[in-house]
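J.: Structure in structure tokens, see below.
Every read-out reported here was derived from the displayed coordinates using simple, explicitly stated rules and does not represent laboratory data. It should be emphasised that the depicted structure is a prediction, and the values quoted were computed from it without experimental measurement. Methodologically, a virtual Cβ is constructed for each residue, glycine included, from the backbone with ideal geometry; neighbour enumeration extends over all protein chains shown.
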């Protein structure tokens, strides 16, 4: 008679680590548009003037320090139209990309008049593009070999060193940006430690990030999503899996939770739609995806805090910043205090529990460890994908573009040129007054991560920003875990045997290998 092997059981069930959500600071403001600012009467030019005013001093200070010892004694010209020919100088302003292939208002007018619009372009760049630098006085055309190896987009605040040519253009020999904003100040000395090698004796605490669940898609990943929910709630896996799941303090869903319903799904083309009260009946709507999402969110919110952001494919406003989902659309999940509907983008400030964490058993020999506060900036990815259209690939990648937004101190420079945004009048909320500890970009085609520090290396600052590109769960089945103490990154893949994510053949993403070098 064969003996039956018993499944190993832990001596005591793991307890989930807890962390605290801190209130926002003046440098990490809310993106909620209140009734006082909800006006569309203002011109979008106010955003550019405000952006230039907010970033002028940081760029000016870095440019002065960068070029003060150059031979030729370059001078700063406050107005781009006051540049003197053949004089070495530097100017400061807003980059404008004059690109013939960019979308224009004539296409929108043609669409309104039922004219067939041209197919959407994957890229805007061409050999006829011109780079301009503008300020309050006017514009000047930038030329030179310097731009052949750079990636620039409209809306970036930049200083350019060079001289005006006989043709009236400004030939650039060097450029300067604001670089990383200061990191958030903290009272905890331990917050500067980043034991990426995992040598810290403190228990690891993770924040989980997923994007692109796309519930309701033609080839849904229902099985993977169910396994994901059970994993996060600690219902599947062995002791090691459950231990790791217990160290996940909260979940962030970075956009595209629901899928766009294809046109014609509720009826064939050419069939006359039924009318009700003289109007066409609503089409392309099904409550089933939202009900399925609500059920998953209810299960998750009962086990850990959940933050959900709207994305490009979700039923939310298209302009940035996207406002939070109405809680009522998520049924019973809305009754949990652990469930939060966020804006896109959103700042989150999280404090790790330190010695107060339930997973830490205090003893007489235990050394007291202070808590650690981490700032997170999360976006669903629309700004990075929009900038991706401006640049040739290679050499530019989504990872390099996202890292550039930190050095530009602006996460959505192409708004409002080619990216819809709210017409702010007195401020530009997308300007970075501080650098987050963790910068998460959802809605990406593949995974990528990088540690980003200020120019000059560790001599200036030991702190780094962990940039993470989160891929679509529908396409990849990837859940990303970020260690709040060490800023190390882990990936958890969810697959069903004989089925790839999305019900199709899985294809490797060509940038994934390069992006993993610093993971």
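J.: Give me 56, 68, 332 ranked fewest to most by other Cβ atoms within 10 Å of their Cβ, as a rough exposure proxy.
T.: Placing the least packed residue first, the sequence is 68, 332, 56.
J.: Rounded to the nearest 0.05, what FRET efficiency do residue 123 and residue 21 have when you use their Cβ-Cβ distance and R0 = 41 Å?
T.: The pair residue 123/residue 21 has a calculated efficiency of 0.55.
J.: To continue, here is another question. Please rank 35, 400, fewest neighbouring Cβ atoms within 10 Å first, as an exposure proxy.
T.: Exposure proxy ranking, most exposed first: 35, 400.
J.: Only bridges with both residues in segment 45-176 count here: give the DSSP antiparallel percent, nearest 5.
T.: Bridges in segment 45-176 are about 80 percent antiparallel.
J.: Provide 82, 69 in ascending order of the number of other Cβ atoms located within 10 Å of each residue's Cβ, fewest first.
T.: Ranked by crowding around the Cβ, least crowded first: 69, 82.
J.: Can I ask one more? Want the number for residue 37 to residue 426: 0.36 nm per residue separation, take away the alpha-carbon distance, what's left?
T.: 139.1 nm
J.: With label points built 7 Å along Cα→Cβ from the Cα atoms of residue 241 and residue 149, find their separation and express it in nm.
T.: The two pseudo-label positions are separated by 4.9 nm.
J.: Students often get this wrong: which residues of segment 128-149 have the backbone nitrogen under 18 Å from the point 7 angstrom along Cα-to-C-beta of residue 81?
T.: Label zone hits: 132-142.
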